[in-house]
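Structure, as structure tokens:
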Amino acid sequence: GVGVLSGAAFGDHPDAPRFRVATSLLYGESEAGKSFLVSDLIAALMTKTDFLGRKVPDRDFKILVATTDDNGEQEYLKRIEDLGVTPNTVWYQMPIMRTPEMWQGLFDAAQDAGVNFVVIDNLLRRS
């Protein structure tokens, strides 16, 4: 199965950059469909259509997708385009995140690109 935890469930580091409004963790077994679910969410945000029966915010989204797989960008792009959407997306290939400076690099990339929604797929392979 797949589940979602809010940021409050796993805590925030007190020194973490404060650029986000909300944090959620989507989790589940390998091949459970998490990336497909996120692709559907990205498509809904781009088109301002309902996602799982809920309205999405009525604003423009620019999304950063940080992937750990070598072909993660192509996989996400294909999934989203298969839904008939051309995403306004910035792609970030994540290295192994061993230091706070590496996480700062991701933060800086998001800020520099002017994104307002960040997807990290996946933490397990990059921590």
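The values are calculated or read from the model by the stated rules, or taken from the named source; none is laboratory data. For clarity, every value in this text was computed on a predicted model and none was experimentally measured. Don't worry about glycine lacking a Cβ; one is built from the backbone with ideal geometry, like all the others, and counts go over all protein chains shown. The protein model used for the area step is the full one, side chains on, heavy atoms only, and it has no ligands, DNA or RNA in it. Shrake-Rupley method; radii C 1.70, N 1.55, O 1.52, S 1.80 Å.
Computed 3J(HN,Hα) for region 111-122, one whole-Hz value per residue from the Karplus formula 6.51 cos²θ - 1.76 cosθ + 1.60 where θ = phi - 60°, is 5, 4, 7, x, 7, 10, 7, 10, 10, 10, 10, 9, glycine and proline marked x. Candidates 51, 64, 95 compared by Cα position along the dipole of region 21-102: farthest toward the positive end lies 51, with charges placed on Cβ. For residue 78, a cut-off of 21 angstrom between C-alpha atoms picks up these lysines, skipping any fewer than 8 places away in its own chain: 34, 48, 62. Close amide-amide hydrogen proximity is noted between residue 90 and 63, 64, 65, each under 5 Å apart and 5 or more residues distant or on a separate chain (H modeled in the peptide plane; Pro and chain starts excluded). Inter-label distance, residue 23 to residue 36: 2.9 nm, where each label sits 7 Å from its Cα along the C-beta direction. With all protein chains kept in place, the per residue accessible area of region 47-127 amounts to 65 square angstrom at a probe of 1.4 angstrom. Return the carbon/sulfur percentage of the accessible area of region 57-113, one whole number, probe 1.4 Å, all protein chains in place. On region 57-113, the fraction of accessible area on carbon and sulfur atoms equals 47 percent.
Put a plus charge on the Cβ of each Lys and Arg, a minus charge on the Cβ of each Asp and Glu, and nothing anywhere else: the dipole of region 23-127 about its Cα centre is then about 280 debye.
Give the long-range amide H neighbours of residue 51: residues separated by 5 or more places, or on another chain, with amide H under 5 Å away, using H modelled in the peptide plane at 1.01 Å from N. Here 56 satisfy the definition.
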